[in-house]
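Here it is: the structure, laid out below.
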Amino acid sequence: MAFDGLFTKAIVSELQQLKTGRISKIHQPNSQEIIFQIRANNKNHKLLVSLHPSFSRLQLTEEVLTNPPEPPLFCMVLRKQLEGGMITSIEQHENDRIVNISVQARNELGDQIERKLVIEIMGRHSNLILLDASRDMIIDSMKHLPPSVNSYRTVLPGQPYIPAPPQDKLDPFEVTETEFNTLVGALHEPKDIVKQFAGFSPLTAAELLYRVKQNEPSFTIWREFLNSFHVDTMKPTVVENDKKTLFSAIELTHTEGTTQTFSTLGDLLDKVYFARAERERVKSQAIDLERWLSNEIAKLENKTKKLQKEEETAQDLDTLKLYGELLTANSYKLHKGDKEVTVENYYEQGTTVTIPLDPRKSPIDNAQRFFSRYAKAKTALIRIAEQLEKTKDDIEYFEMVKQQVYQASPIDIEEIRQELIELGFMRARRSKKKAKLKKPKPEAFISSTGIPISVGKNNKQNDYLTFKLAARDHIWLHTKDIPGSHVVIHDTDPDAQTIEEAAALSAYFSKARESSSVPVDYTGIRHVKKPSGAKPGFVIYFEQKTVFVTPDEDLVRKLRK
């Protein structure tokens with residue numbers, strides 16, 4: 001990863017298209033992210049600010065984030081201060097990972113006010129601070145830093161704004177040719193560049209050294225390298241190798257691996273971060289649900305082992321029946337007080353059987369005791385078989401739900417919770433407000449040939465999509481013998497490409513996401529049935545055909561509506 005000062009410079013260059021744009025809406029999907037909707041140059045843009053400790057960034061995005069029913073307090077402060085305001089400047093602070101966005105807005109009385117957003121992209125120390133630009137006074141911030149937490153500066157409403165501590169490094173853009181010629185002889189390793197100049201990460205420094213070594217070290221190469229971090233000359237690149245993902249605003253020539261280029265930095269960052277950030281968002285909301293599902297699966301697996309032991313014990317029912325019949329047939333030979341008896345087994349000629357007896361009971365009572373145990377064992381076997389089948393179904397169901405949680409969006413999590421509550425597996429959370437029942441909303445996609453495709457992300461969505469939203473002559477898809485989503489092509493006779501793309505979506509939204517050549521069945525909706533009493537999401541289908549596809553995250557992003 002390389003969200004360093006130079007990458008920030010490239011981002012700021014890309015964001016210049018937002019100048020003179022107006023902030024129309026502000027949303028805060030969660031505690032770490034803010035979305036600014038900006039209308040600029042007759043186009044709507046979404047500016048994402050993320051303060052996630054691992055995924056902190058500033059970017060334009062095309063992705064859709066789910067907003068909470070009630071906006072957080074900081075979001076309301078931003079709306080009051082900035083909505084309707086015009087962006088007058090977007091600048092980087094001293095080649096550091098700090099961006100200042102100046103906004104000209106109006107207060108409740110209609111008076112013009114100057115506000116400034118300070119975005120500090122610094123990993124776990126990242127922050128978003130709103131200032132009264134006329135006084136450099138803090139109005140509010142996403143993270144409050146009292147003196148007890150930060151001795152260098154206080155970040156609290158009403159306090160003067162103090163920038164983050166300077167790095168005491170040279171600004172590479174202000175280095176003269178004379179200074180460069182003096183320093184270049186000491187730049188042997190990436191760490192030498194990182195130590196001397198502001199804005200360089202080890203990755204960017206390694207790329208510069210590689211380019212310098214390919215040519216005669218010169219100030220011209222130095223300047224060309226720095227100037228390549230501009231919207232007109234940059235080449236957003238992602239390189240994947242050895243399970244690592246490297247990205248840069250420019251081409252990476254010193255590394256080997258699978259290379260992918262993008263038209264914008266926003267597209268690059270969506271590719272690198274969005275899926276992982278989405279998973280983190282879901283994980284923060286569903287950590288208790290995942291733990292609960294894991295515990296329930298573990299309990300059911302232990303129950304299965306106990307039932308199997310009981311089944312083994314009950315398997316000797318034939319022996320119990322044999323003892324009862326042999327005792328009854330030979331009762332005239334037996335006497336009360338005998339502890340055991342050896343009799344001929346007339347079921348197997350020439351063999352004998354030794355039967356243990358209760359000396360306190362008569363021969364007939366001993367026979368009845370074995371018949372009674374036989375009847376109980378027979379009933380137990382039926383009960384155990386039923387319990388094993390139910391336990392197996394519950395494990396399969398919870399495994400499917402667990403897979404859905406892993407791939408869910410934040411809004412899907414609440415639907416999954418509601419489903420578990422309705423089935424009696426979980427207790428409803430106490431809430432003063434009565435939750436409004438909403439229609440499930442499967443995710444929408446469009447095939448390359450323009451045909452609508454829907455994907456159910458949980459069992460409620462699956463059932464709604466298959467049995468209510470889709471028409472009987474539409475095409476239904478599901479991974480073969482693998483837990484996954486219901487997928488519907490909203491067309492009666494889709495082309496082969498659409499079927500293949502829908503199958504790829506089915507494979508991606510299944511337990512086989514990380515696999516290749518995944519089998520996906522498809523058939524008409526009319527051939528999909530729900531068994532009586534089946535849990536949500538369970539169906540049977542017939543007259544299907546099968547295609548083999550490999551899940552592709554890039555295709556999912558491309559088809560997402």
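So how many residues does the stretch 14-36 have that are of a type outside the set (S, T, N, Q), farther than 17 Å from Ile129 by Cα and in a strand (DSSP E or B)?
3
Out of the residues in the stretch 530-552 that are within 24 Å of the chain's Cα centre (by Cα) and open to solvent by 60 Å² or more (accessible area, probe 1.4 Å), which is modelled with the lowest pLDDT?
Residue satisfying both the conditions and the ranking: Asp552.
Residues Leu320, Leu300: which one is open to solvent by less than 60 Å² (accessible area, probe 1.4 Å), within 23 Å of Gln387 (Cβ to Cβ), part of a helix (DSSP H, G or I) and touching an Asp or Glu at 6+ places or on another chain (Cβ under 6 Å)?
So the residue among Leu320, Leu300 that is open to solvent by less than 60 Å² (accessible area, probe 1.4 Å), within 23 Å of Gln387 (Cβ to Cβ), part of a helix (DSSP H, G or I) and touching an Asp or Glu at 6+ places or on another chain (Cβ under 6 Å) is Leu300.
Which ones in the stretch 190-209 are surrounded by fewer than 19 Cβ atoms within 10 Å (Cβ to Cβ) and either of a type in the set (Phe, Trp, Tyr) or over 16 Å from Asn95 (Cα atoms) (or both)?
Matches in the stretch 190-209: Lys191, Asp192, Leu209.
For the stretch 82-125, give me every one of the strands (runs of 3 or more DSSP E) that falls completely inside it and has 3 or more residues that are more than 34 Å from the chain's Cα centre (by Cα) and within 16 Å of Ile26 (Cβ to Cβ). Spell out the reasoning first.
Working: elements: 86-92, 98-106, 112-120.
Output list reads 98-106.
May I ask you to say which residue of His486, His527 is open to solvent by 10 Å² or more (accessible area, probe 1.4 Å) and not acidic (Asp, Glu)?
Just a single option satisfies the conditions, and that option is His527.
Among residues belonging to the stretch 503-518 that are open to solvent by less than 30 Å² (accessible area, probe 1.4 Å) and touching a helix residue (DSSP H, G or I) at 6+ places or on another chain (Cβ under 9 Å), point out the one that is farthest from Phe467 (Cα to Cα).
So, considering only residues that are open to solvent by less than 30 Å² (accessible area, probe 1.4 Å) and touching a helix residue (DSSP H, G or I) at 6+ places or on another chain (Cβ under 9 Å), the one farthest from Phe467 (Cα to Cα) is Val518.
Then there's this: If you scan the stretch 368-383, which residues turn out to be of a type in the set (A, V, I, L, M) and either open to solvent by 20 Å² or more (accessible area, probe 1.4 Å) or at pLDDT 90 or above (or both)?
Across the stretch 368-383, the qualifying residues are Ala375, Ala380, Leu381, Ile382.
Hey, among Leu465, Leu477, which residue is in contact with a His (Cβ under 7 Å, 6 or more places away or on another chain) and either hydroxyl-bearing (Ser, Thr, Tyr) or open to solvent by less than 20 Å² (accessible area, probe 1.4 Å) (or both)?
Result: Leu465 is the single residue among Leu465, Leu477 that is in contact with a His (Cβ under 7 Å, 6 or more places away or on another chain) and either hydroxyl-bearing (Ser, Thr, Tyr) or open to solvent by less than 20 Å² (accessible area, probe 1.4 Å) (or both).
Report yes if Leu145 is surrounded by 15 or more Cβ atoms within 10 Å (Cβ to Cβ) and more than 18 Å from Arg124 (Cα to Cα), otherwise no.
In short, no.
Identify the residue in the stretch 213-251 that is in a loop (DSSP other than H, G, I, E, B) and of a type in the set (Ser, Thr, Tyr) and, among all such residues, is nearest to Lys9 (Cα to Cα).
In this case the residue turns out to be Ser228.
Does the stretch 520-533 include one or more residues that are under 22 Å from Glu419 (Cα atoms) and in contact (Cβ under 8 Å) with a residue 40 or more places away in the chain? Break it down stepwise before answering.
In the first step, residues of the stretch 520-533 are kept if they are under 22 Å from Glu419 (Cα atoms); the result is 528-533.
So of that shortlist, the ones also in contact (Cβ under 8 Å) with a residue 40 or more places away in the chain come out as 528, 530.
Yes, some residue in the stretch 520-533 is under 22 Å from Glu419 (Cα atoms) and in contact (Cβ under 8 Å) with a residue 40 or more places away in the chain.
Report yes if Thr182 is open to solvent by 50 Å² or more (accessible area, probe 1.4 Å), among the β-branched types (Val, Ile, Thr) and more than 26 Å from Phe55 (Cα to Cα), otherwise no.
yes
If you take the residues in the stretch 489-502 that are open to solvent by 30 Å² or more (accessible area, probe 1.4 Å) and acidic (Asp, Glu), which one is nearest to Leu555 (Cα to Cα)?
Across the stretch 489-502, the extreme among qualifying residues is Glu500.
Here's another thing I want to ask about it. For the stretch 520-536, enumerate the residues that are outside any strand (DSSP E or B) and either in contact with a Phe, Trp or Tyr (Cβ under 8 Å, 6 or more places away or on another chain) or among the acidic types (Asp, Glu) (or both).
Selection gives Ile525, His527, Lys530, Pro531, Lys535.
Sticking with this structure for a sec: Give the residues of the stretch 323-343 that are basic (Lys, Arg) and assigned to a loop (DSSP other than H, G, I, E, B), sorted by residue number. Give the derivation first.
Going through the stretch 323-343, the residues basic (Lys, Arg) turn out to be 333, 336, 339.
Answer for the stretch 323-343, where residues must be basic (Lys, Arg) and assigned to a loop (DSSP other than H, G, I, E, B): Lys336, Lys339.
Going by the conditions given, is Ser454 farther than 23 Å from Glu419 by Cα and either open to solvent by 30 Å² or more (accessible area, probe 1.4 Å) or outside any loop (DSSP other than H, G, I, E, B) (or both)?
no
Still on this structure: Return a yes/no flag: does the stretch 2-20 have any residue that is surrounded by fewer than 20 Cβ atoms within 10 Å (Cβ to Cβ), touching a helix residue (DSSP H, G or I) at 6+ places or on another chain (Cβ under 8 Å) and at pLDDT below 95.
yes
Here are some residues: Arg79, Arg39. Which one is at pLDDT 90 or above, open to solvent by 10 Å² or more (accessible area, probe 1.4 Å), more than 14 Å from Gly266 (Cβ to Cβ) and not in a strand (DSSP E or B)?
The match here is Arg79.
Ok, one more. Restricting the search to the stretch 42-76, which residues are open to solvent by less than 10 Å² (accessible area, probe 1.4 Å) and among the charged types (D, E, K, R)?
Of everything in the stretch 42-76, just one residue is open to solvent by less than 10 Å² (accessible area, probe 1.4 Å) and among the charged types (D, E, K, R), namely Arg57.
The values are calculated or read from the model by the stated rules, or taken from the named source; none is laboratory data. Bear in mind the structure is a predicted one, so any value in this text is a computation, not a measurement. So basically every Cβ, Gly included, is an ideal-geometry build from the backbone, and we count neighbours across all protein chains shown. Keep in mind that these areas ignore ligands, DNA and RNA; they rest on the heavy atoms of the full protein, side chains included. Shrake-Rupley method; radii C 1.70, N 1.55, O 1.52, S 1.80 Å.
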